[in-house]
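The values are calculated or read from the model by the stated rules, or taken from the named source; none is laboratory data. Since we're looking at a predicted model, the values are computed, not measured. Every residue, glycine among them, receives a Cβ derived from its backbone with ideal geometry; neighbour counts consider all protein chains shown. Side chains are part of the model used for accessible areas, which takes the heavy atoms of the whole protein and leaves out ligands, DNA and RNA. Shrake-Rupley method; radii C 1.70, N 1.55, O 1.52, S 1.80 Å.
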Amino acid sequence: MTNEEWGQVRSKLQKAVGQNNYTNWIEPLEFADLANGVATFLVPTNFMGNWVDRNFGDKILRHMIGEGLKVSRLEFSVPARTVATQAAPAVDTVSAIPARTDQEELPGAPLDARFTFDSFVVGKPNELAHAAARRVAEGGPVTFNPLFLYGGVGLGKTHLMHAIAHEMKTRNPELRVVYLSAEQFMYRFVQAIREKQMMDFKQLFRSVDVLMVDDVQFIAGKDSTQEEFFHTFNALVDQNKQIIISGDRAPGEIKDLEDRIKSRLQCGLVVDLHPTDFELRLGVLQKKVDSYRAQYNGLVIADGVLDFLAHRISTNVRVLEGALMRLFAFASLVGREITLELAQDCLGDILRASDRKVTVEEIQRKVSEHYNIRLSDLIGPKRVRTIARPRQVAMYLAKHMTSRSLPEIGRRFGGRDHTTVMHGVKRIDELKGVDDQIAEDLELLRRALEA
């Protein structure tokens, strides 16, 4: 076979496999020889040769035979000049994930030493997520793949991700664990395209034992990055490698995320971290106070201050911890005891922000998400029970969590009369005393809206 004949085959393959696959996998192939029915191609890496053979070998063979070439088998070989460097492909150092060599461990992106299981405060809102993270961190047979953790800002997703990585590395230092944000994954992917290092990128991410991607919602709407993430995900699952993902909401609720990725993410264990309750927030504060004792030796914190903070600051744990740190630092600088009065003076801006008002629109959106129904149906004319009951729940919450009048609430629910709102509120008031599910839904929604 001549290079001209191979060029004709490539032209037909371009149409058969699509431009993206052609650019990444077919174009880099260099025809070397055709002898005794075996066509040999030179490839940059063994990984690429194996991938092309497995995914496009039949197509290449069929098109070569279609051109009248006497070929029965394909072989892919790495030229001698690249073998020496193949084990350590060139990559950037932005996210601190160099490629592995035979003598070098493959480290992950920098992990925060504070985020361990020992420093994670467990309470009812996060106990399932903590237990699942612990189970995955123990290693052994892959049980939940992927493990998907989701929840709002400051509820502990990143803490658990770091804790899993720390525990895995402690139990097995040889384990190749890669932790990075979805934004970093996208940056590395774009840079690999720009510098024509896609083979290095693919080899790097498909050679790990554990892949951890934080805040996956950031790749939603980025078509090329989603496609590469999808293929990376499948390649690792095929090798029975562990994948751990986090997001700000359930996979099915991430807008502009491809359906095939949503499906893959939902095939493992999906666990949400609920908004913190008072007991959990108080536990976080108490643990932090214990850690500050050595740093701020001699400082006294008055009774009731921690309770006050746990009640007033319910947005997220990061804000809560930041408030406590500010209190300790301020009290240390001015040489005063941490009293309730000092906390109110020092944290005025944080406390005012925590007193934000809930809107009817927020309530409608949260209720729609909670019951997995369309917002348009919630405020629309449908009267089927699966829509009507959530609508009444939303009306009840709007009545008790906003300052809007019944006629105003009715207008926001598709122009309904205030008597309809009154009936809905009364019905939920009756049900919450006898229906445990309704009572639980109301509590979960209230906490979510106050967070």
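If we restrict to alpha carbons, what Rg and Dmax does the stretch 353-451 come to, in Å?
Both quantities, over Cα of the stretch 353-451: 12.4, 39 Å.
Between helix 418-431 and the chain, what is the angle of the helix's C-alpha long axis to the longest principal axis, kept within 0 to 90° and rounded to the nearest 10?
Compared with the principal axis, the helix lies near 90 degrees.
Taking only C-alpha pairs under 8 Å that are 6+ residues apart, what is the relative contact order of the stretch 137-220 in percent?
Numbers: 64 pairs, mean separation 27.4, N = 84.
Once divided by the residue count of the stretch 137-220, the mean separation gives 33 percent.
Could you grab the relative contact order for the chain? Cα pairs under 8 Å, six or more apart, rounded to a whole percent.
Working: 611 pairs, mean separation 51.4, N = 451.
11 percent.
Please compute the length gained on full extension between Asp417 and Cys267, using 0.36 nm multiplied by the number of residues separating them and subtracting their Cα-Cα distance. Don't skip to the answer; put the middle values down first.
Details: separation 150, 0.36 × 150 = 54.00 nm, distance 4.38 nm.
Contour length minus the Cα-Cα distance gives 49.6 nm.
Would the chain count as rounded, prolate or oblate if I go by the C-alpha gyration tensor, calling it rounded below 1.5 in a/c and otherwise prolate when a/b exceeds b/c, oblate otherwise? Intermediate results must be reported in sequence, preceding the final value.
Details: a/c = 3.14, a/b = 1.68, b/c = 1.88.
Since a/c reaches 1.5 but b/c is at least a/b, the shape of the chain is classed as oblate.
Between Arg318 and Glu183, how many nm apart are label points set 7 Å from Cα along the C-beta direction?
That separation, rounded to one decimal, is 1.0 nm.
With charges set only on the Cβ (+1 for Lys and Arg, -1 for Asp and Glu), what does the dipole of the stretch 189-332 come to about its Cα centre, in debye to the nearest 20? Display every interim value, and only then the final one.
Values: 18 positive and 21 negative charges, 60 e Å.
Charge dipole of the stretch 189-332: 280 debye, to the nearest 20.
Nearest 10 degrees, 0 to 90: what angle lies between the long axis of helix 182-194 and the longest principal axis of the chain (Cα atoms)?
30 degrees
What does the accessible area per residue of the chain come to in Å², with a 1.4 Å probe and no ligands, DNA or RNA counted? Can you show the working numbers first?
Numbers: 22570 Å² over 451 residues.
Accessible area per residue, the chain: 50 Å².
Which of the lysines could a cross-linker bridge to Lys432, judged by Cα under 18 Å and excluding same-chain residues fewer than eight apart?
Within reach: Lys399.
Give the carbon-plus-sulfur fraction of the accessible surface of the chain in %, rounded to a whole number; probe 1.4 Å, heavy atoms of protein chains only. Write out the running numbers ahead of the final one.
Values: 10970 of 22570 Å².
Carbon and sulfur together cover 49 percent of it.
How far is helix 385-401 tilted off the main Cα axis of the chain, in degrees rounded to 10, range 0 to 90?
50 degrees
Shape of the stretch 177-254 from its Cα gyration tensor (a ≥ b ≥ c, root eigenvalues): rounded if a/c is under 1.5, otherwise prolate when a/b > b/c, or oblate? Could the numbers behind the result be given before it?
On the way: a/c = 1.78, a/b = 1.16, b/c = 1.54.
Oblate.
Please give the length that would be gained between Asn50 and Arg374 if that part of the chain were fully extended, namely 0.36 nm times their separation in residues minus their C-alpha to C-alpha distance (nm, one decimal). Before the final figure, lay out each step's value.
Details: separation 324, 0.36 × 324 = 116.64 nm, distance 4.53 nm.
Net length gain for the segment: 112.1 nm.
Using helices alone, I'd like the mean residue ellipticity at 222 nm for the chain: each DSSP H run of four-plus residues gives -39500 (n - 2.57), total over residue count, nearest 500.
Numbers: 20 runs with 242 residues, N = 451.
Helix-only estimate at 222 nm: -16500 deg cm²/dmol.
If you average the C-alpha positions of the stretch 282-318 and of the stretch 1-63 separately, how far apart do those two centres end up, in angstrom?
63 Å
Provide the FRET efficiency to the nearest 0.05 for the Asp58-Asn172 pair, computing r from the beta carbons and using R0 = 30 Å.
On the way: r = 38 Å, r/R0 = 1.27.
Given R0 = 30 Å and the Cβ-Cβ separation, E is 0.20.
What order, most packed first, do the peptides 386-399, 64-77 have when packing is the mean number of other Cβ atoms within 10 Å of each residue? Working shown, then result.
Details: 386-399: 21.9, 64-77: 14.2.
Sorting 386-399, 64-77 by mean packing, highest first, produces 386-399, 64-77.
Taking one equal scatterer on every alpha-carbon of the stretch 311-365, how large is log10 of I(q)/I(0) by Debye at q = 0.14 1/Å?
-0.44
Between Glu279 and Arg134, what FRET efficiency comes out of the Förster formula 1/(1 + (r/R0)^6) with R0 = 22 Å and r the beta carbon distance, rounded to 0.05?
Working: r = 20 Å, r/R0 = 0.93.
Calculated value: 0.60.
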